[in-house]
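Engineer: Here it is: the structure, laid out below.
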């Protein structure tokens, strides 16, 4: 049998081939990817690593760890698109190895291999490990903290001392808090509490050793928070907590979704793992007794995350991304059972694989057709605003060969995945690994052939407009919509915000060299009459101008989805 070390080498090599190529193929998407990339770029430019910035001013919404990692790679490799996605690619490589390590610890190395493959090739994780948003790193840290808590619960059986696991669990949850905030502590603490209550092992919590975990967490978090509070005061805490309350209360209108939003997201995006995992999300008597305790951890994590983020009014796709771990694990476990001839494919699994697979196949043909022939979308035009129509109706001309590549994901779905799901429907023991590999191929072709076109349609015109206008002058702002493209693609520097164009009143009211500047942006000064020279405003073409705006600005470019205005 191949050694565990050699299996890790193979998994690492395959994960590198899967996650590293193509990181710079697609523009960073506005908002999230550009938000974090711009924060990292500003850290490097300003050499201010104390807190996250946007427009060289404090950005209260996120702690700094992920931005620090991005900034480290920018210093190492330069300001390039792929560099900002490198942390998540590395997180994907590490996650694949962690999945195998856990399976190996559970005494099921084959299960570990299947989990490694499933977490890497399920659609949503595959795409997100090639992205530049925070959640893949955040989720990995939470998983590691939960894993070491699980190891604490097993120390009595194994005859080991739990002190090291308390320490590591605290370190990882502290790093998770530094990545995205207190949500990590709530989730990990909720999982630990529910598992403890379920098993009656209160000695794991009500033990002096729990202070090792708390101390390790405070050491990590305090290494950033204490100097920040001592030097800059409580303003970060007040603003950060206020923003988190906005998310909980759903006061960010464009993120409000119905309660079942994440159920729908997981069914579509965590495919095909979700279809294979569904029967295991409740207790099943035929499962391996030796794995029951870890299955409980996975179930608790899944239901806790799903319930919490279904209750919270503000909903974004990746809020439920921690559910990907339980779903891919149980999909791998089902694959393991079929592989060892100890289980059958159930009718609910077969039906979901076929139905959701058909939905994906239809989508993968309709979407390219809509891109190539946007005029065919006139029947839904009445449901779209003028900005969306302008984006869809003005794609860059594509060569017929590039048009043909748009259908590659759909062709794989139609001629490979759908026949497998039909065969699976009539076969009790078709190996699910074939379905996972097939849809992984679909996910890769979506990334390489469809997403670049989506980026072209949604990002290119704004990027061109920003490049053009910022080359003329730096007195450019968006109005009527929020975008980080202006700062990132305009390569704004501190002087562009603290320059000579500011009026005397503004300079008197602000100490430019203060270590913790107020939330001032040049947008308000351009809009309210300062500076007087060549300020430019970018709006969407569906922007409803008001009399005050028209009194100050006149349009100079009204072609396309974005309009440019100048001061009268």
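Computed from the coordinates by the stated procedures, all read-outs in this text should not be read as laboratory data. These numbers were taken from a predicted model, which means no experiment stands behind them. Counting neighbours? That spans all protein chains shown, and the Cβs are built from the backbone with ideal geometry, glycine included.
Engineer: Please report Rg over Rh for the range 1-152, where both radii come from the alpha carbon positions and Rh follows the Kirkwood definition.
Structural biologist: Rg/Rh: 1.03.
Engineer: Round to the nearest 10 and give me the degree value, 0 to 90, for the angle of helix 183-199's Cα axis relative to the longest principal axis of the chain.
Structural biologist: For 183-199 against the chain, the angle is about 20 degrees.
Engineer: Just subtract the alpha-carbon distance of residue 77 and residue 472 from 0.36 nm times their residue separation and send over the number in nm, one decimal.
Structural biologist: 139.3 nm
Engineer: If you don't mind, there's one more thing I want to ask. Against the 2.2 N^0.38 Å scaling, with N counting residues, where does the range 307-364 land? I'd like the Cα-based Rg ratio to two decimal places.
Structural biologist: Against the empirical 2.2 N^0.38 Å value, I get 1.47 for the range 307-364.
Engineer: Another question, then. Pull out the extension gain between residue 13 and residue 303, defined as 0.36 nm times the separation in residues minus the alpha carbon to alpha carbon distance; nm, one decimal.
Structural biologist: In short, 101.1 nm is gained.
Engineer: Take every Cα pair under 8 Å in the range 133-173 that's 6+ residues apart, average their separations, divide by the length, and report that relative contact order as a whole percent.
Structural biologist: 50
Engineer: Beta carbons within 10 angstrom, averaged per residue: use that to sort the peptides 265-271, 174-180, 424-430, highest first.
Structural biologist: Ranking, from highest mean packing down: 174-180, 265-271, 424-430.
Engineer: A follow-up question, please. Report the label-to-label distance for residue 548 and residue 110 in nanometres (one decimal), using points 7 Å from each Cα along the Cα→Cβ vector.
Structural biologist: Inter-label distance under the simple model: 7.0 nm.
Engineer: Please state the equivalent ellipsoid semi-axes for the range 17-86: what are the square roots of 5 times the Cα gyration tensor eigenvalues, largest first, in whole Å?
Structural biologist: 21, 13, 10
Engineer: Express the relative contact order of the range 356-450 as a whole percentage, based on alpha carbon pairs under 8 Å and six or more residues apart in sequence.
Structural biologist: 36
Engineer: With the crude spin-label approximation of a point 7 Å out along Cα→Cβ, what separation in nm comes out for residue 429 versus residue 31?
Structural biologist: Rounded to a tenth, the inter-label distance reads 5.2 nm.
Engineer: Working out 0.36 nm times the residue gap between residue 346 and residue 393, then minus their Cα-Cα distance, what length gain in nm do you get to one decimal?
Structural biologist: Details: separation 47, 0.36 × 47 = 16.92 nm, distance 4.49 nm.
The span from residue 346 to residue 393 would gain 12.4 nm if fully extended.
Engineer: Helix 65-77 versus the longest principal axis of the chain: what is the Cα-based angle in degrees, 0 to 90, to the nearest 10?
Structural biologist: That helix lies at roughly 70 degrees to the long axis.
Engineer: Same structure, new question: Percent relative contact order of the chain, based on C-alpha pairs within less than 8 angstrom and at least six residues apart?
Structural biologist: Once divided by the residue count of the chain, the mean separation gives 16 percent.
Engineer: Quickly rank 127-139, 409-421 as a protection proxy: mean count of other C-beta atoms within 10 Å, highest first.
Structural biologist: 127-139, 409-421
Engineer: If you fit an axis through the alpha-carbon atoms of helix 432-445 and take the longest principal axis of the Cα set of the chain, what angle between them do you get, 0 to 90°, nearest 10?
Structural biologist: Around 10 degrees separate the two axes.
Engineer: Counting other beta carbons within 10 Å of each Cβ, put 540, 468 in order, fewest first.
Structural biologist: Lowest count first: 468, 540.
Engineer: Could you rank the peptides 452-464, 218-230 by their average count of other C-beta atoms within 10 Å per residue, with the highest value first? If you can, show how the numbers build up before the last one.
Structural biologist: On the way: 452-464: 17.3, 218-230: 14.8.
So the peptides 452-464, 218-230, ranked by packing, come out 452-464, 218-230.
Engineer: Quickly work out the residue 401-to-residue 557 label distance, labels modelled 7 Å from Cα along the C-beta direction, and quote it in nm with one decimal.
Structural biologist: Label-label distance for residue 557 and residue 401, simple model: 3.1 nm.
Engineer: At a 10 Å Cβ-Cβ cut-off, how would you order 158, 38, fewest neighbours first?
Structural biologist: The fewest-first ordering by Cβ neighbours comes to 158, 38.
Engineer: For the chain, list log₁₀ I(q)/I(0) at each q in 0.07, 0.10 Å⁻¹, using the Debye formula over Cα point scatterers of equal strength and ignoring solvent, two decimals each.
Structural biologist: The Cα Debye sum returns log10 ratios of -0.47, -0.94.
Engineer: List the pair-distance distribution P(r) of the range 395-434, using every Cα-Cα distance, as the percent of pairs falling in each 5 Å bin from 0 up to the bin containing the longest distance, rounded to whole percents.
Structural biologist: Once binned at 5 Å, the Cα pair distances of the range 395-434 give 6, 20, 19, 14, 11, 9, 8, 7, 4, 1.
Engineer: OK, next. Treating the Cα atoms of the range 356-450 as identical point scatterers in vacuum, please give the log10 of the normalised Debye intensity I(q)/I(0) at q = 0.16, 0.22 Å⁻¹, two decimals.
Structural biologist: So the normalised log intensities work out to -0.74, -1.07.
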